[in-house]
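Heads up: the structure comes next, in structure tokens.
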Amino acid sequence: MRWNTICFDLDNTLFDHEKAFEHAIMHTFKATLHTLQETYTHLPHVDINEWFQTFKHYSDFYWNDYEDKRLTREEYREKRFNKTMEYYQLPCEENAAKTFHNQYENVVARYSTPFEGVHALLLWLKKQKVSIGVITNGKRRIQSEKMQQLGITQYIPIQHLIVSNEIGVKKPEKSIFDIALETINGDREHALFIGDSWEQDVQGAIAAGWDAVFLDTRKEHKTDGYPPVAHHYYFTETARFLYGSLDVKG
């Protein structure tokens, strides 16, 4: 068998996080707007879809500052929320951004729906006795709730969920891949990682001694130097690739 250890990223790899993000943010803003309407009179009319597009604009605008550590996670979230509220001339009290994002985190999992073919592939891998895990950046509570909502804990034990916030290191650092191997009793020489981020998933996994599949669900730009074993745009492509590859010599 070519790979007896296979780990996946979670967001935008096993499900469409962009869609879940949109639905959860809009859900949370509706609740926020309702609260504001009970508190303030003569609020400007705001179209919820337009509000989300503006919020997404500021999310993207400040993303590089967050990625390059010029903003902390809390500062990044505060800026994108406060700027959006300011744009629509809506009241924005102190700690409103923190409250908003806490509410978002409480609902985002419910909007997580697996990509086509996820359950069939994971069931097949389990039957093939492949060690399966998930390596993801984020908070354990939120990511484990997503796994529960996706219905994949019947194939991937929750103990095989490796989360950056819990262990103190995140992708693309080599140590998070090393910890994953120890946790799931994996084999580095026959380990494969599947993810949607070129830098965090593909480069990180290959630098850690794994093979990698670039599941490019967001049509992300990639650079040279870290060739994946495959480059796909849809989960069904990756599933077909694995069905055809796991009988290859190992």
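A short reminder: the numbers here are calculations on the coordinates, not readings from a lab. All figures in this text were calculated on a predicted structure; none of them were measured in a lab. Using ideal geometry, Cβ is built from the backbone for each residue, glycine included, and neighbour counts are taken over all protein chains shown.
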Check your understanding: What whole number of Å gives the distance from the Cα centroid of the stretch 61-76 to the Cα centroid of the stretch 197-220?
Key -> 22 Å
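Kindly provide the helix-only [θ] at 222 nm of the chain, computed as the sum of -39,500 (n - 2.57) over DSSP H runs of four or more divided by all residues, to the nearest 500 deg cm²/dmol? Don't skip to the end; give the middle numbers.
Working: 11 runs with 120 residues, N = 250.
My calculation for the chain gives -14500 deg cm²/dmol from helical runs alone.
Quick one: of the DSSP bridges fully inside the chain, what percent are antiparallel, nearest 5? Walk me through the intermediate numbers first.
Values: 1 of 20 bridges.
The antiparallel proportion sits near 5 percent.
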Study note, to complete from the structure: Here the relative contact order (percent) of the chain, from C-alpha pairs under 8 Å and at least 6 apart, is 26 percent
Review point. For I162, what is the net charge nearby, where nearby means another residue's Cβ is under 11 Å from its Cβ and Lys, Arg count +1, Asp, Glu -1?
Key: -1
**Study point:** Two-site label geometry, R218 and K19: point separation in nm, points 7 Å out along Cα→Cβ
**Key:** 1.7 nm
Check your understanding: Roughly what would the spin-label model give for N102 and R2, points 7 Å off Cα along C-beta, in nm?
Key -> 4.8 nm
Study note, to complete from the structure: Descending packing, highest mean Cβ count within 10 Å first, for 125-135, 62-72, 8-18, 182-192 is 8-18, 125-135, 182-192, 62-72
**Study point:** Shape category assigned to the stretch 79-204 from the gyration tensor of Cα positions, a/c cut at 1.5
**Key:** prolate
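Near P172, within a Cβ-to-Cβ distance under 10 Å, what is the net charge of the other residues, with Lys and Arg +1 and Asp and Glu -1? Mind showing how you got there, number by number?
Working: positive: K170, K171, K174; negative: E173, E199, D201.
Taking every Cβ under 10 Å from that of P172, the sum is 0.
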Point to revise | Part-to-part distance (alpha-carbon centres) for the stretch 1-41 and the stretch 98-118, which is given in Å | key: 4 Å
Point to revise | Gain upon complete extension [R140, E38; 0.36 nm per residue less C-alpha separation] | key: 33.3 nm
**Study point:** For H23, net neighbour charge (Lys/Arg +1, Asp/Glu -1) across residues whose Cβ lies under 12 Å away
**Key:** 0
Study note, to complete from the structure: Kirkwood Rh over alpha-carbon pairs of the stretch 18-110 plugged into Stokes-Einstein at 25 °C, 0.890 mPa s gives a D in µm²/s of 181 µm²/s
Point to revise | Table column - 3J(HN,Hα) (Hz), the stretch 159-173, Karplus curve with 6.51, -1.76, 1.60, x for Gly and Pro | key: 5, 8, 8, 9, 10, 4, 4, 7, 9, x, 9, 9, 4, x, 4
Exercise for review: Considering Cα pairs under 8 angstrom that are at least six residues apart, work out the relative contact order of the stretch 18-110 and quote it in whole percent.
Suggested key: 38 percent
Review point. Using Cα pairs under 8 angstrom and six or more residues apart, how large is the relative contact order of the stretch 161-250, in percent?
Key: 21 percent
Review point. Reachable aspartates and glutamates from K79, Cα under 19 Å, same-chain residues fewer than 8 places away excluded?
Key: E22, E50, D60, D65, E67, D68, E93, E94, E105
Point to revise | Under 5 Å, built H, 5+ apart or other chain: amide partners of T113 | key: D16
Check your understanding: Going down the list K127/K222; K83/K174; K83/K171; K30/K171; K56/K126; K170/K219, which pairs span over 31 Å between their C-alpha atoms?
Key -> K127/K222; K83/K174; K30/K171; K56/K126
